[in-house]
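For reference, the structure discussed in these notes is given below.
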Amino acid sequence: MDRTTVDRSKPPRPGRPKKIRFPDYFEGTLPNGLKVIVYERHDLPLAMVDFVVRGGAWYDGDKPGLANITAEMLTKGTATRTEREIAEEIESLGGSIETWTTWDCVAIGVTILSRYFRNAMEILADVTRRPTFPETELELFRERHLAYLLQRKAQPSALASLQFFRTVYEGHPYASPPDGTEESVRAIRTDHLKDLAARVILPNNSFIVAAGDVDARECFETCAELFGDWRGGETPPAADMPPPERTGVRIQIVDRPQAVQTSLRIGHVGITMKDPDYITVMLMNTLLGGYFGSRINLNLREDKGFTYHASSRFDKWMQAGPFSVATDVRNEVTDRAVEEILREMERIRSERVAKRELEDVKRYVTGSFPRQIETPLQIARSIMMIELYGLEKDFYNTFNPRVLAVTPAAILDTARRTIHPEHAVIVAAGNASLLHKTLGRFGPVEVFTPDGEPVRVADSSKGTGTP
Amino acid sequence: MRPEGGVQLCMGRRDDDAPPRRGHATAITFEECDLLNGLHVIVHEDRHLPLVAVNLWYHVGSKDEEPGKTGFAHLFEHMMFQGSENVPPNGHFLLVQKAGGTLNGSTTFDRTNYYETLPAHQLELGLWLEADRMRTLRLDTETFETQRNVVMEERRSRYDNQPYGRIYESLFERAWKIQPYRWPTIGSMADIRAASLEDARAFHAAYYRPSNASLCIVGDVDAQAAVRLAEKYFGDIPDDGTPILRPGAREPKRSFQVRDLVYDAVPLPAVIIGFHIPPLADDDFLPAEVLSSILASGESSRLRRRLVHAARAAQSVEAYALGLELPGLFIAEAYAQIGHSAQELEDLIFEELAVLRNEGVGEAELAKARNRLETSFVHGVTDIQSRADLLNAYRVLHGDTSGINRELERIRAVTADDLHRIVRSFLIEDNATVVHYLPYPYPSSA
């Protein structure tokens, strides 16, 4: 090769892209209604199995955190194993068992070297079918969880987020955090856990996703053997309460007198997982604040140097989750950062996006597709979304064509429908005595304690604030 | 296919992968060579998806800084995204993302890495971008000032404005008095403020040279073709061969414990303990890593059982061996439950270490640690970018790329005697630096 001929002045021309598809997988349903899905991939000797229950924090009722604690307690004792035996058994094989809770599901997942697949499945069946919720384990969990909630209150971005949800979703279940509050966590008893488990952890209200070095036939057989004689029951009603109406601009400060930076959340109610414009909203958000090259990040970080990172997102659940912009900025520029964010929200709903900017975002999103299906875990989580939210089976294979079809006019229409600076809830977790005055120019300012209790302005502003 | 056992419906077909192999991970095959200018090139083919990972390590980190210029290696990393002769400021982000790729860089004590994961047909874009900023760098006042501000916000976001955010630097500055790990990678605010463009020019010339770098390409590529492309873009970048001065001073062996208290805006006490241990490449490092697994990996581990479940004194506890080029630290840290003190946590940790010293480790516990480390190793090579980064780590920090394929074997070879030796030699009170990280004793709003 002749080195002197390298033309460095322009980016090299790409080769020809290869077409790829979301991989095929196996699925089947046991007579009791438990669906089993298997994605086989054998290049590494690792298997992951998630047991997913359609029964998340939505079913907490008046006890925020109930589903989360119920899920955590599944692995803390069964009819045949103590907490310690469960941990010892799975960890001796190099595996782990974890639970997590969202608004719409509770999931119990095992990760295991594939040579121990059967052992892990037995433990998974035990914790989902025969949990005993021992009192002493609940007490220990409660102590640990209360310490965690206390630590959360020292965490600026968590404080901003908690207050944001409290305000945007006032009167709606989404107003309370899925992992509970100190008050609710103190009140939860083992009876509550048993009741919720009996109501939602049913074979016909659950499904299993196995991925990695798993043989589909063996997995179906194992599931039939371990879960086949489990009888189903009446499934709980789906989440059905729409979020509150939007109610104009609110400006709220969560006071952290020692803060050297302000954590911001700005937004309002957004869309549901089943929104017909899902793809357009996703593309519009990517452009606005969904990747490094987005308008909000380039403006706040690369142009102004206000922050290390700024982004926007739509959380999507059965009911409409929020649209929110999140960033940490230095104290002195907090009001200017808010102004720039509101300006970007206004701009995307008033000016048609240039074709070229839209093309760049489309290339980013469509080109990201193979990276999103790279690992068995990613595939398993994608299949889980299809199953949990009843998305079309070819959702991921039609994804790129649908992205490419979005027009600048559609982006504008969608932005007008889903982005509302005139209804923005602006939450700043930071030093109220500094922020009260500067944020006052956007409207009346409310100040709160980290627990969400209102603070009289005169108390917190130390005389520097405007009334 | 219709499995027995009451399954009603099956769909789909098998991937045309190799037949199921149940058992152990197979070797990661790779090619490697040095270009004439000294750039090391590693290529590993993985044809599973049309993706490619480009991962470039420079053998320079915060330990190569001097006092007064702390945080510079990391600030400089930010400047590497501000353009070069043929790439405009932020061109890396814009061009790579437009190509459907993702990218970033990171700085540690010992190295700085830059990486892109791209659709495989965009491999050349990644190489062109990396080569351009190895050759030349656009350093102007305006972008430098912006990045200085961004980095100061990064320091606030990740450390100063986070509860427990300064716990590691509070340990490092007390554990090390000589070795240049005594300041954090992010650096001090004062030093970030004082950094200059002249420093940046000198830094690029001194460290961002082919012979101080290792390029790893993993993915849907032909190994020979990938090496030729590396030669095409990097082959003519000059390297004058000036030797790089590396900090060599070692911390002298210490025969007394260092203890301190640090107050911060945190709700609950914590304790962090660091024990000096040998460097990453030393034979005693892996046993230390196995020990950390036995002590605190998983709910069944010794420290979790003792501090969290039996004494109910800790909300969480972690232990790990920090593997570094110069001698590193074995770290144990615990966060208190409401109503418990840092001293109580410290006493419990030392009591458990005494049990370990007196009674040793049984075969079942050793087998558990081996299984857990095998799982986390396999986990760590699941995606092509992590695999590329790990190959470079073996090359640059261990001096042998093929070490990646002996790791599991080495883990299996660790014996109970090895562990006992580590506990007796290193996990002892006189070798410890202990920091109690405490809530302010007065109201924080005062």
> Calculated FRET efficiency, A:Lys10 and B:Glu251, Cβ-Cβ r, R0 35 Å, to nearest 0.05?
Replying inline: 0.10
> What's the exposure ranking of A:Tyr148, A:Tyr39, B:Tyr208, going from fewest to most Cβ atoms within 10 Å?
Replying inline: A:Tyr148, B:Tyr208, A:Tyr39
>> Students often get this wrong: which residues of the range A:121-162 have the backbone nitrogen under 18 Å from the point 7 angstrom along Cα-to-C-beta of A:Arg186?
In response: A:139-154
> Of A:Ala428, A:Thr128, B:Gly298, whose Cα points farthest to the positive end of the dipole of the protein assembly as shown (charges on the beta-carbon: +1 Lys, Arg; -1 Asp, Glu; origin at the Cα centre)?
Replying inline: A:Ala428
> Between the range A:34-57 and the range A:226-297, how many Å separate their Cα centres?
Replying inline: 25 Å
>> Once you order the gyration tensor axes a ≥ b ≥ c over the Cα atoms, which shape class does chain A get: rounded for a/c under 1.5, otherwise prolate or oblate by comparing a/b with b/c?
In response: oblate
> Assigning unit charges at the beta carbon (Lys, Arg +1; Asp, Glu -1) and nothing else, what dipole magnitude in debye, to the nearest 20, does the protein assembly as shown show about its Cα centre?
Replying inline: 1640 debye
>> Give me, ordered by chain and number, the residues 5 or more places off A:Val455 or on other chains with an amide H under 5 Å from its own placed amide H.
In response: A:Val447, A:Phe448, A:Thr449
> At B:Ala364 and B:Asp347, where each label point lies 7 Å from the Cα along Cα→Cβ, what is the point-to-point distance in nanometres?
Replying inline: 3.0 nm
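Using only the Cα atoms of the protein assembly as shown, build the gyration tensor, take square roots of its eigenvalues as a ≥ b ≥ c, and label the shape rounded, prolate or oblate: rounded if a/c is under 1.5, else prolate if a/b is larger than b/c, else oblate.
Details: a/c = 1.12, a/b = 1.07, b/c = 1.05.
Rounded, since a/c falls under 1.5.
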> Which residues does a label at A:Arg416 reach in the range A:352-373, if reach means a backbone N under 15 Å from a point 7 Å past the Cα toward the Cβ?
Replying inline: A:352-353
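Hey, fewest Cβ within 10 Å first, where do B:Tyr320, B:Tyr181 land in order?
Values: B:Tyr320 18, B:Tyr181 25.
In increasing order of surrounding Cβ atoms, one gets B:Tyr320, B:Tyr181.
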> Tell me, in nm to one decimal, what length is gained between B:Asn405 and B:Asp282 on full extension, where the rule is 0.36 nm per residue of separation less the Cα-Cα distance?
Replying inline: 42.6 nm
> For a label point 7 angstrom out from the Cα of B:Ala354 toward its Cβ, which stretches of the range B:269-303 have the backbone nitrogen within less than 20 Å?
Replying inline: B:271-275, B:295-296, B:302-303
> Once fully extended, how much extra length lies between A:Asp24 and A:Val455, figured as 0.36 nm per residue of separation less the alpha-carbon to alpha-carbon distance?
Replying inline: 149.6 nm
>> Just want the ordering: B:Ile178, A:Ile37, from fewest to most Cβ atoms lying within 10 Å of their own Cβ.
In response: B:Ile178, A:Ile37
> Quick one: if the Förster radius is 35 Å, what FRET efficiency do A:Glu85 and B:Val258 give, using the C-beta to C-beta distance and rounding to 0.05?
Replying inline: 0.30
>> For the pair B:Asp417/B:Glu45, report the inter-label distance in nm, with labels modelled 7 Å from Cα in the Cβ direction.
In response: 4.4 nm
> What's the FRET efficiency of A:Leu391 with A:Arg231 using the Cβ-Cβ distance as r and R₀ = 35 Å, to the nearest 0.05?
Replying inline: 0.75
> Could you give the dipole magnitude of the range B:7-234 about its Cα centre, charging the beta-carbon of Lys and Arg +1 and that of Asp and Glu -1, in debye to the nearest 20?
Replying inline: 580 debye
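Bear in mind that the values in this text are calculations on the coordinates, not laboratory data. Treat the numbers as computed from the prediction; the structure is a model and nothing was measured. Cβ sites come from the backbone with ideal geometry, for glycine too, and all protein chains shown count toward neighbours.
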